[in-house]
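The values are calculated or read from the model by the stated rules, or taken from the named source; none is laboratory data. Computed from a prediction, not measured in an experiment: that's the story for all the values here. Methodologically, a virtual Cβ is constructed for each residue, glycine included, from the backbone with ideal geometry; neighbour enumeration extends over all protein chains shown. Heads up: the accessible areas ignore ligands, DNA and RNA and are worked out on the full protein's heavy atoms, side chains in. Shrake-Rupley method; radii C 1.70, N 1.55, O 1.52, S 1.80 Å.
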Amino acid sequence: MDDRTPSAAPAPLRIALAGLGTVGVGVLRLIEANCAIVEARAGRPIEVVAVSAREAGRSRGVDMGGAAFVADMTALALREDVDVVVEAVGGADGPALALAEAALGAGKGLVTANKAMIAHHGLRLAELAAATGAALAFEAAVAGGIPVIKGLREGAAANAIERIYGILNGTCNYILSTMEATGADFADVLADAQAKGFAEADPAFDVDGVDAAHKLAILAAIGFGARVDFPGVAISGIREVRAADIAQARALGFVIRLVGVADCAPGDDGEARLLQRVRPCLVPTSHPLAHVTGATNAVVAEGNFAGRLLFQGAGAGAGPTASAIVADLIDIARGVAGAPFSVPAAALQPMRRADPGHRVGRDYIRFTVADRTGVLAEITAAMRDAGVSIESLIQRGRASEDGGEVLVAMVTHEGPERCVTRALELLDGSPSLTAAPLVLPILRD
C-alpha cells in the first residue's frame, strides 16, 4: 500500500500585462498557442490575471480569458493577485517608468521590452529590484527574439568580453541593404520602407541611430559590468549615406551598415575606458555582418576564451518580441532570473569614457566639392598636414556648364583617429566644400 501523499500542483505565475498593442497581444497569443510548452519549461502555469490598455472594449482578436481590465496601469503593481508585471507600453519616462518603479518597489517582478527606459533608467531600476528582491528582466529590449542578453549573461559568463558590436536596428539595415541591391538613394528607399511598414511615419528614432544607441548602451553594461551610460554613446545616423557611397564601397570590397560598437580598454593610467559609438561603417564582404540584409539584427561579442560569438535573427515584430518576453517569464517562474546586468547593481562600475582620438583604424571619407581647379590639392594638403596617409583616392563628377558637383572619396591607411579629425578641422569653412564631409570607419575584420 502506498501511503505517500500526492504533491500539490505548483502555483501559477500570475502576471499583469500593461499595453495591448502589437507586443502585448503577441504575448497573449504566444501564451495561448504554446501553453503546454511554456508550462512544461516553466515548471508551472503562467496565467494572465489582469491587463491594462487605453481602450477597454476594443476587440484585439485574442482571448484574454478571465483577466481583469484595469484602467490605471500603475494599479497593476498594487494587486495582491499579481506576481510579475509585463510592461509593453514603451517610452523612456511617463507611465511606463511609473509602472516599473511601482512594480519593483512592491517587490513584484518586472519584464519589459522597453529599450529606451532601460537605457535611461536601467541602473536605478536594477538598484530598486535589488533592494526589494524583485526580478527585473529585459531580454526583449535588445534585438527582439535573439537571445543575446542571455548569451552574454549566461553563455559567455566565464569570458572577459573584449568588444561588442553589431547591426542593432532593422529599419536602417533594410534601407541600406535595399540601397545596395537597387542603387536607389536614401530618400526613395525610406519612402518605400514607410509605405511597406518597415519604417515609422517619423523615422528619426531609427535612421538617426537613437534606437541602436539605446540597445548598445544596454549591451555594453552587461558585457563590461559597467553602469549604463546612454549619454556616453556617440551617435551618427544614415541620412547622409548616398547611393554613390554604397557603389564605391562595393567597388572597394565593402558594404555599408549602421553598426554599434562598444569596447573597453585601459587608458594610459591603466584605468578602464569605455567607448560606445553608433555609426555607418564600411564592413568587409568577408565579415559575417556584411551578409546581414533586410530588417535582420546581428550582434557579435568577442570573448577572450570563447572567441567571436554571433547572434542573428529577427530584431523586432510581435512574434520575436513576445518570444523574448515569455522566455523571461519562464526564467522568473523557475527562480533563475539572475542579476539584470550580469553582476549585482552595486557592483556595476562607473567607467570613464574613452577618448576616440587615440583609436587607430582606417576610414572612408567622402567630400562633396565644387568642380574647379585646386580643390583636390587643397584636400590632400590638409590630409598631409594632419598626418593622414591616403591609401586610395577616387574622383567622380557630375559636371555642368557652370561647374558641377564633384564627389571625392578616399580610403586612409591605418592611423590615429585624431589625425582625420584634425584634417577635417583644417578644411572646415573652405569654400571648396559644398557639403559637410562624410566619414565612415572601416570595421576591422
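Rundown of residues vs (1) farther than 23 Å from Ala213 by Cα; (2) in a helix (DSSP H, G or I), yes/no style:
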residue: Ala247; (1), (2): yes, yes
residue: Arg257; (1), (2): no, no
residue: Asp269; (1), (2): yes, no
residue: Leu274; (1), (2): no, no
residue: Arg279; (1), (2): no, no
residue: Ala298; (1), (2): no, no
residue: Leu309; (1), (2): no, no
Matching residues in the stretch 334-369 - criterion: being among the acidic types (Asp, Glu) and either within 18 Å of Leu219 (Cβ to Cβ) or open to solvent by less than 20 Å² (accessible area, probe 1.4 Å) (or both): Asp363
Qualifying residue in the stretch 40-60 (condition: under 15 Å from Ile330 (Cα atoms), free of Cβ contacts under 8 Å to residues at least 24 places away in the same chain and open to solvent by 40 Å² or more (accessible area, probe 1.4 Å)): yes
The stretch 207-232, subset touching a Gly at 6+ places or on another chain (Cβ under 8 Å) and charged (D, E, K, R), residue farthest from Gly260 (Cα to Cα): Asp208
Filter result for Gly133 (without any contact (Cβ under 8 Å) to a residue 40 or more places away in the chain, at positive phi, open to solvent by 40 Å² or more (accessible area, probe 1.4 Å) and of a type outside the set (A, V, I, L, M, F, W, C)): yes
Single residue of Leu393, Leu426, Leu440 found to be over 27 Å from Tyr165 (Cβ atoms) and not in a helix (DSSP H, G or I): Leu393
Count - residues of the stretch 136-160 that are open to solvent by less than 20 Å² (accessible area, probe 1.4 Å) and on the phi < 0 side of the Ramachandran plot: 13
Checklist (1) within 17 Å of Gly26 (Cβ to Cβ); (2) modelled with pLDDT under 95; (3) in contact with a Leu (Cβ under 8 Å, 6 or more places away or on another chain) applied to Glu87, failing item: (2)
The one condition in (1) under 15 Å from the mean Cα position of the chain (by Cα); (2) more than 24 Å from Arg362 (Cα to Cα); (3) not aromatic (Phe, Trp, Tyr) that Pro280 fails to fulfil: (2)
The stretch 175-189 - residue that is open to solvent by 10 Å² or more (accessible area, probe 1.4 Å) and in contact with a helix residue (DSSP H, G or I) (Cβ under 6 Å, 6 or more places away or on another chain) and, of those, nearest to Ala143 (Cα to Cα): Thr178
Count of residues meeting criterion [open to solvent by less than 20 Å² (accessible area, probe 1.4 Å) and out of contact with any helix residue (DSSP H, G or I) (no Cβ under 6 Å at 6 or more places or on another chain)] in the stretch 194-206: 1
Residue check for Glu154: touching a Cys at 6+ places or on another chain (Cβ under 8 Å), more than 15 Å from Ala314 (Cβ to Cβ) and at pLDDT below 95: no
Residue under evaluation Ala377, criteria (1) over 25 Å from the mean Cα position of the chain (by Cα); (2) in contact (Cβ under 8 Å) with a residue 12 or more places away in the chain, criterion not met: (2)
Residue selected from the stretch 250-272 under the condition over 22 Å from the mean Cα position of the chain (by Cα) and among the aliphatic types (A, V, I, L, M), by the criterion least open to solvent (accessible area, probe 1.4 Å): Ala272
Members of the stretch 135-168 found to be charged (D, E, K, R) and assigned to a helix (DSSP H, G or I), listed by number: Glu139, Lys150, Arg153, Glu154
Conditions (1) among the charged types (D, E, K, R); (2) in a helix (DSSP H, G or I); (3) surrounded by fewer than 15 Cβ atoms within 10 Å (Cβ to Cβ); number of the one not met by Asp331: (3)
Single residue of the stretch 299-323 satisfying the filter (of a type in the set (A, V, I, L, M, F, W, C) and in contact with an Asp or Glu (Cβ under 9 Å, 6 or more places away or on another chain)) that is most open to solvent (accessible area, probe 1.4 Å): Leu309
Test result for Leu275, closer than 27 Å to Asp355 by Cβ, buried (at least 17 other Cβ atoms within 10 Å of the Cβ), in contact with a Lys or Arg (Cβ under 8 Å, 6 or more places away or on another chain) and among the aliphatic types (A, V, I, L, M): yes
Only one of Thr285, Thr296 that is among the hydroxyl-bearing types (Ser, Thr, Tyr), under 26 Å from Glu154 (Cβ atoms) and surrounded by fewer than 24 Cβ atoms within 10 Å (Cβ to Cβ): Thr296
Helices (runs of 4 or more DSSP H) wholly inside the stretch 21-134 containing at least 1 residues that are within 21 Å of the chain's Cα centre (by Cα): 22-33, 94-105, 115-132
